[in-house]
Amino acid sequence: MDDHSPHGAEQAPLSPGRFIGFRLLGGGVIVLLAVAVAAASMPGSPVRAGATELSDAPGIIFLAALAGAFVVYALALLVLLGRRCSLVAVCAIAAAIQLVPLAGPLLLSRDVNAYWAYGRIAEDHGANPYAAAPARFAADPAVGAMAPGWRSTDSVYGPVFTAASAGLAEATGSTAERSTFVYRALAALGMLVLVGLAASAAPRRAFAAAFVGWNPLLAVHFAGGGHNDVWIAVFLVGALALAARGRASVSGVSWALAAGLKWVPLVLLPLSLLARRREALRTGAWFAAGAGAIAAGAFALFGTAWITALLPFAHRHAGYALPSRLAELGLPGWLAVMPLLVAAPWLVRSARRGRARLGVTSILMLCASPWVLPWYSVWVVPLAAVEEDGLAWVLALAVSAYLLPDRVPL
């Protein structure tokens, strides 16, 4: 299967040498990522989530291999840009890259144990995870496995995910290893779905699949870390792909499901509706219906306490967030919001002309946020991939490169 642009843009034919180069670059990402995972698996590795650090060497090897994989990934995108290539081959390599970290330990974060703990609070303890902090159930194995800094915090996740985590808690039981692997496997599956959706929604299908699926940072934090943010991206890109095929009603429901996981899509939806005004009323109506159904279920399960999960983390600050970097320079953190405010009129004008620029918008949102983690790159990379927007491509790669060393203990 060849990657043909639906817009009729001519692409340079792929010579045998370029085809070999394309495959070699993909193989290079796989090999370097495997080296990073092997380093994380070494005894005393600081990269293994929750492990006791015995040596800096595994962390150094991990970061060097991951950085090398990212450089090769960027070179591969340059080769793929504007070239005819096999979409099947690109997706096969993407699948291998996204599955490699499953061979190693839980990486860099214990968030999956927090998911497990909140699910067990609802399912096993019959309590409300939005009103009962995990610390109240100190004897629960999930609480002991989660990061201590979050044990006194009520659930910060949307009701769709909290309900799903309760179901997974019942399915996985009281074994940390089983629960952790299930979340990681589901996140890896989410990445594979996301690759397919990106290829489906983008003008440059193979390029979009590689832009998402060959990104080693995403592989490390989803198959490696099991984070739930991938499913926000799945429903977001799914909504865009459905809208492009005239499925406005299902697109609206997909937007609602994305917002039911975390609040981020609520900021992007108005621009998407403005760019597709012909279908906006239908999409908006189905979004409202879907959101209403989710809210009704959330009220029934969790009372009113779940509404706090819609609020951004304004009270928390991450070291890699732009406001924190500005504070280090003695500058006020609110300056981080200025690029989004300045760009807002341009983004609205662009949307009115039929071009939503969700990739750039999500990047500016990330820059403005005081709470930024490396797996949040999945908010921006797929949205940039599906748009014919060079600025979004460059910025998304820059964000990924910047966040690459975050959370690696050295």
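Test of understanding: among 168, 192, 186, which residue is in a helix (DSSP H, G or I), open to solvent by 50 Å² or more (accessible area, probe 1.4 Å) and under 30 Å from residue 127 (Cβ atoms)? The match here is 186. The set of residues in region 362-410 that are surrounded by fewer than 24 Cβ atoms within 10 Å (Cβ to Cβ) and of a type in the set (Val, Ile, Thr) comprises 394, 399, 408. The conditions of being of a type outside the set (S, T, N, Q), closer than 19 Å to residue 334 by Cα, assigned to a helix (DSSP H, G or I) and at pLDDT 95 or above are not met by residue 397.
Taken as a whole, the structure places residue 179 among residues that are open to solvent by less than 40 Å² (accessible area, probe 1.4 Å) and of a type in the set (Ser, Thr, Tyr). Within this structure, residue 384 passes the test of being under 17 Å from residue 230 (Cα atoms) and either assigned to a helix (DSSP H, G or I) or touching a Gly at 6+ places or on another chain (Cβ under 8 Å) (or both). On the stretch given as region 307-361, residues that are open to solvent by 80 Å² or more (accessible area, probe 1.4 Å), in a helix (DSSP H, G or I) and in contact with a Pro (Cβ under 8 Å, 6 or more places away or on another chain) total 1. Looking at residue 70, is it at pLDDT 70 or above, among the aromatic types (Phe, Trp, Tyr) and either open to solvent by less than 50 Å² (accessible area, probe 1.4 Å) or not in a loop (DSSP other than H, G, I, E, B) (or both)? Considered against the rule, which asks whether it is at pLDDT 70 or above, among the aromatic types (Phe, Trp, Tyr) and either open to solvent by less than 50 Å² (accessible area, probe 1.4 Å) or not in a loop (DSSP other than H, G, I, E, B) (or both), residue 70 comes out as yes. Only residues that are modelled with pLDDT under 95 and small (Gly, Ala, Ser) were counted in region 166-198, giving 8. Every condition in (1) free of Cβ contacts under 8 Å to residues at least 60 places away in the same chain; (2) closer than 24 Å to residue 241 by Cα is met by residue 330 except one, and the failing one is (2). Restricting attention to region 150-165, and to residues there that are of a type outside the set (A, V, I, L, M) and outside any helix (DSSP H, G or I), which single residue is surrounded by the fewest Cβ atoms within 10 Å (Cβ to Cβ)? Looking at residues that are of a type outside the set (A, V, I, L, M) and outside any helix (DSSP H, G or I), I get 152.
Checking each residue in region 113-134 for being in contact (Cβ under 8 Å) with a residue 40 or more places away in the chain, more than 26 Å from residue 48 (Cβ to Cβ) and either assigned to a helix (DSSP H, G or I) or open to solvent by 20 Å² or more (accessible area, probe 1.4 Å) (or both) picks out 122, 123, 124, 128, 131. Select from region 135-149 the residues that are within 25 Å of the chain's Cα centre (by Cα) and either assigned to a loop (DSSP other than H, G, I, E, B) or without any contact (Cβ under 8 Å) to a residue 24 or more places away in the chain (or both) and list them in ascending order. Within region 135-149, 146, 147, 148, 149 meet the criteria.
If the condition is being of a type in the set (Phe, Trp, Tyr) and either assigned to a helix (DSSP H, G or I) or crowded, with 17+ Cβ neighbours inside 10 Å (or both), then region 246-293 contributes 255, 286, 287. Selection within region 211-245: residues that are assigned to a loop (DSSP other than H, G, I, E, B) and not charged (D, E, K, R). The member of this set that is surrounded by the fewest Cβ atoms within 10 Å (Cβ to Cβ) is 228. When 40, 64 are screened for being touching a strand residue (DSSP E or B) at 6+ places or on another chain (Cβ under 7 Å), surrounded by 14 or more Cβ atoms within 10 Å (Cβ to Cβ), of a type in the set (Gly, Ala, Ser) and modelled with pLDDT of 90 or more, only 40 passes.
The values are calculated or read from the model by the stated rules, or taken from the named source; none is laboratory data. Here the structure is a predicted model, which is why all the values come from computation and not from measurement. Neighbour counts are summed over all protein chains in view; Cβ atoms, including those assigned to glycine, are modelled from backbone coordinates with ideal geometry. In case anyone asks, the SASA skips ligands and DNA or RNA and just uses the protein heavy atoms, side chains included. Shrake-Rupley method; radii C 1.70, N 1.55, O 1.52, S 1.80 Å.
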